[in-house]
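One structure below.
A short reminder: the numbers here are calculations on the coordinates, not readings from a lab. This one's a predicted model, so the numbers in the text were calculated from it and none came from an experiment. Neighbour counts are summed over all protein chains in view; Cβ atoms, including those assigned to glycine, are modelled from backbone coordinates with ideal geometry.
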Amino acid sequence: MKYFEQNSSELDQFLDFIEEDLGNVRRVLEFCKDNGLEAEFRIHAKSETCEESAQHSDVEIDQIVKTLVFKAGDSFVAVLCPGHRRVDEEKLSETTDSEVRMAKPGEVKDETGYVVGGVSPFDLSIPVYMQETLLEKEYLRPAAGSRVVGVKITSEELEQCTEAETADLCS
């Protein structure tokens, strides 16, 4: 797929997202450049779900990476989760050795600078955990700081540059 079509209302909404997310996309771009990552940025139509995102792109749903933020005890952690799966909070609790809950949107923004749906796994100042099955994929596509921009990267590069601890965290 080389392009996507949008009507004027959808384009207006897309431009609003880009304006709001521009600083974060630049943040991810700089991180990738600074770390010598061979990443490809992909602009896509706005999607409400990972299923829609897969339909609007050339990646399978299990290659889409959701970066989910959780409150773990008094701290926050991020979990890189395949698009078609859910984080098992009990497994995450065992891994972090603390009580966990999904972070609220305001907490996510305050802690990461990103908005829910566009949280990038790059340059986070919190511990990052990665669902171990993501390493079975050659390429992955996490958000690039926006709800309409993703980044294609190898699973190994993603694990290394985020310093993620791999574990079985999904149900």
Mean-position separation - Cα centroids, the range 1-45 and the range 59-115, in angstrom: 22 Å
At most 16 other Cβ within 10 Å, DSSP loop - GluC sites (Glu not before Pro), the range 1-43: GLU5, GLU38
Length released on extending from SER9 to LYS33, taking residue separation times 0.36 nm less the Cα-Cα span: 5.3 nm
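Before rounding to the nearest 500, sum -39500 (n - 2.57) across all DSSP H runs of length at least 4 in the chain and divide by the residue total; then give [θ] at 222 nm in deg cm²/dmol. Display every interim value, and only then the final one.
Numbers: 5 runs with 57 residues, N = 171.
Calculated at 222 nm, the ellipticity per residue is -10000 deg cm²/dmol.
Using DSSP to call loops (not H, G, I, E or B), can you name the GluC sites (Glu not before Pro) in the range 119-165 whose Cβ has at most 12 other Cβ atoms within 10 angstrom?
On the way: sites: GLU132, GLU136, GLU138, GLU156, GLU157, GLU159, GLU163, GLU165; in loops: GLU138, GLU163.
The qualifying sites are GLU138, GLU163.
If you average the sequence gap of Cα pairs under 8 Å that are 6 or more apart and divide by the length of the range 8-167, what percent do you get for the contact order?
Details: 285 pairs, mean separation 45.5, N = 160.
Taking the mean separation of contacting Cα pairs over the length of the range 8-167, I get 28 percent.
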11 Å beta-carbon shell around GLU107, net charge (K/R +1, D/E -1): +2
Kirkwood hydrodynamic radius of the chain, Cα pairs, Å: 16.1 Å
Length gained when the stretch THR49-GLN160 is fully extended (0.36 nm per residue, less Cα-Cα span): 37.3 nm
